[in-house]
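Reading through the structure tokens given below for one structure.
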Amino acid sequence: MSIKSLADIQADIQRRRFSPLYLLQGEEPYFIDQLTELLEKSVLSESERSFNQTILYGKDVSVEEVIACARRYPMMSEFQVVILREAQGIHANKIDELSTYTDSPLSSTIFVMALKNKSLDKRKKLYKSFSSNGVIFQSDKIRDDKMPAWIGQYVRNQGFKINDETCFFLKECLGNNLERVVNELSKLSINLQPGSDITRQQIETFIGINKDFNLFELQNAIGRKDL
């Protein structure tokens, strides 16, 4: 196993082709949260989660506690799921010790380690262990020039329409923080009928972007030489 794309991992999960180890890391938290939540909801049934799903946080647990959880066997279920959120909270000098488990993971445990705004050192034993025995997802920021296209695809996936100019307007107003973009579009969609067009006027009305003081009005003012 090795580094996989977001789409490939999502497809594997939907087909119930699980890896015993998932390392989700990088600078874009949005994609890490998406995959973490998908695994949290997809592996076990609701009744199985009570006994077989454990959510841990890096700042609250020791390496030994994480390993002990991962080495447990499931109860009346094929799998148990152990999710280590915010793993960057574990001290940098200790985190490599998790390789004690990842070098020989249990096939009945699905261990998910999520690091936000940080990545493991590829030279370290833990990274190499995930690379050999599990799946690694590198969550990179969407480049500024790619954001309008990403926004357009996201909007269409949600069942709405939007043109390129409006995508660019949204990107200039909201930047490339995907969580913020998605949250603002969710607010907007509440006020629209499915299949309708998202326009600049609707964005200004429902998202609350200043109608008079934004990049486009600045450009228009410069064009008019309006000091």
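The values are calculated or read from the model by the stated rules, or taken from the named source; none is laboratory data. Please read all numbers here as calculations on a predicted model, not as lab measurements. Reconstructed Cβ throughout: ideal geometry from the backbone, glycine too, with neighbour counts over all protein chains shown. Just so you know, the surface numbers come from the protein's heavy atoms only, side chains and all, with ligands and any DNA or RNA stripped out. Shrake-Rupley method; radii C 1.70, N 1.55, O 1.52, S 1.80 Å.
For the reader, a short list of remarks on this structure follows.
- Using bins of 10 Å that start at zero, the share of Cα-Cα pairs per bin across the chain amounts to 7, 28, 26, 19, 13, 5, 1, 0, in whole %.
- Reach of LYS161 by Cα under 15 Å, taken over aspartates and glutamates that are not fewer than 8 positions away in the same chain: ASP197
- Comparing SER77, SER47, SER107 in a Gaussian network model of the chain (Cα springs below 10 Å), the most mobile by mean-square fluctuation is SER47.
- Close amide H contacts of ILE110 (hydrogens built in the peptide plane, cut-off under 5 Å, sequence separation of 5 or more or a different chain): GLN80, VAL81, VAL82.
- Farthest toward the positive end of the dipole of the chain, out of ASN176, THR109, GLY152, is the Cα of THR109, where the dipole comes from beta carbon charges about the Cα centre.
- Computed from label points 7 Å out along Cα-Cβ, the spacing between LYS225 and GLU64 is 7.7 nm.
- Per the Debye calculation on segment 82-132 with a single equal scatterer at every Cα and no solvent contribution, log₁₀ I(q)/I(0) for q = 0.19, 0.22, 0.24, 0.29 Å⁻¹ amounts to -0.62, -0.84, -1.01, -1.39.
- Here the contact order of the chain, divided by its residue count and restricted to Cα pairs under 8 Å and six or more residues apart, works out to 24 percent.
- The Rg/Rh ratio for segment 59-193 is 1.11, where Rg is the radius of gyration of the alpha carbons and Rh is the Kirkwood radius.
- The chain - accessible surface per residue (Å², probe 1.4 Å): 55
- The distance from the alpha carbon centre of segment 50-116 to that of segment 179-193 is 34 Å, rounded to a whole number.
- Considering only CYS167, ALA92, PRO194, and ranking their Cα positions along the charge dipole of the chain that arises from unit charges at the beta-carbon of Lys, Arg, Asp and Glu, the one farthest toward the positive end is ALA92.
- Restraint check, LYS187/LYS225; LYS41/LYS124; LYS4/LYS116; LYS116/LYS146, Cα-Cα greater than 24 Å: LYS187/LYS225; LYS41/LYS124
- Here the Gaussian network model covers the chain, with springs between Cα atoms less than 10 Å apart; of ARG71, ARG85, ARG123, ARG123 fluctuates the most.
- When shorter helices are ignored and each DSSP H run of at least 4 residues is given -39500 (n - 2.57), the per-residue value for the chain at 222 nm works out to -12000 deg cm²/dmol.
- Among beta bridges from DSSP that stay inside the chain, the antiparallel ones total about 5%.
- Modelled FRET efficiency - R0 22 Å, LEU6 with PHE51, Cβ distances, 0.05 increments: 0.15
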